[in-house]
Amino acid sequence: MTHTRRAGYAVLGMLMGAACGSAYAADPLGFYIGAGVGQAHVRSELDAGALSPIFSGALSTQGTKTGWKAIVGIRPLSIIGAEAEYLDFGGATGSASIPATVTSGGLNATLTAHPKAAALFAMGYLPIPLPYLDVFAKAGAARLKSSVNASAQATCPIGVPCLIPIFIPPYSASSSDTNFAYGAGVQVKLASLAVRAEYERMHSSSGDPDLLSLALTWSPL
C-alpha cells in the first residue's frame, strides 16, 4: 500500500468520523419514525348478563386479524430509548355460547371486538458488538380502547319446547382502560432505515390483544 493510498484512507476515515459527529450533534436524541403491519390476535370477554339479565357467565371469543401501528421514538444512548405508538389490532369476529341445561336455557352469540391503543414504552437494547443489528425489549403502559358488538339467540332448556321465543336485542358498547404493555424484537439497520420484527401485547380486563409485526423505521439523519 502506497503512502498516497494510506493518506487517502486516513482522510476518508476522518471525513466519515466528522459526518457521524455532525449527525449526532444535530440529533443527539436519535429521533426516528416508522410504521408496521402484521397479524393481530384479538381476545374478547363479555358478561352474558349484559345481553339479558336471565343469563349469567362469561362469553369468550378470539380471532386473528391484520393489524397496524405507527411509531415515534428516540434513542439518546445506544442501550436506552423510548417509543410512543398507536396500534390498531383490527376487528375480529367469533362465536361464543352458554350451553342449555335441563333447568335453564342456553345462549349462542356472535361477538365482534375492535381494540385500539396508544402506548408509551421504555426501550432497552442489548449491548452486542454488531452496529447493524439490535435486539431489544420494551415495557410501558397502554391506553386501550375496545368496542364490542354482539348479537345473540336464546335456546330453551333441554327437553322443554320453546313456546315463547326470547328476544335479545343487539348489543354494542365501548370501554377504555390503562394497563401494562410489553414486547420484544430484533431490527437490522441500513443507514437511516431499519427493518424490525417484534411482538407486543397489552393487558386488558376484557381480553389481551397482541400484535406480531414487521415494521420500517426512518431516522432523518
Neighbours of SER97 by Cβ distance under 15 Å: Lys/Arg at +1, Asp/Glu at -1, summed charge -2
The answer for the net charge of residues other than ASP88 whose Cβ lies under 11 angstrom from its Cβ, with Lys and Arg +1 and Asp and Glu -1, is +3
Any lysines whose Cα falls less than 19 Å from that of LYS138, other than same-chain ones fewer than 8 residues away, would be LYS69, LYS116, LYS189
Summing +1 per Lys or Arg and -1 per Asp or Glu among the other residues with Cβ less than 11 Å from TRP68's Cβ gives +1
With DSSP loop assignment and no more than 15 other C-beta atoms within 10 Å, the chymotrypsin sites (Phe, Trp or Tyr not before Pro) in region 159-221 are PHE167
Listed with the fewest Cβ neighbours within 10 Å leading, SER44, SER172 appear as SER172, SER44
Cα extents of the chain per principal axis, largest first, Å, are 101, 29, 23
Here the gain from full extension of ILE54 to LEU193, 0.36 nm per residue of separation minus their alpha-carbon distance, amounts to 44.3 nm
Answer in debye to the nearest 20: the dipole magnitude of the chain about its Cα centre, from +1 Lys/Arg and -1 Asp/Glu charges placed on Cβ, is 640 debye
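Each value in this text was obtained by applying a stated rule to the coordinates, not by laboratory testing. Everything numeric here is computed off the predicted structure, so don't read it as measured data. So basically every Cβ, Gly included, is an ideal-geometry build from the backbone, and we count neighbours across all protein chains shown.
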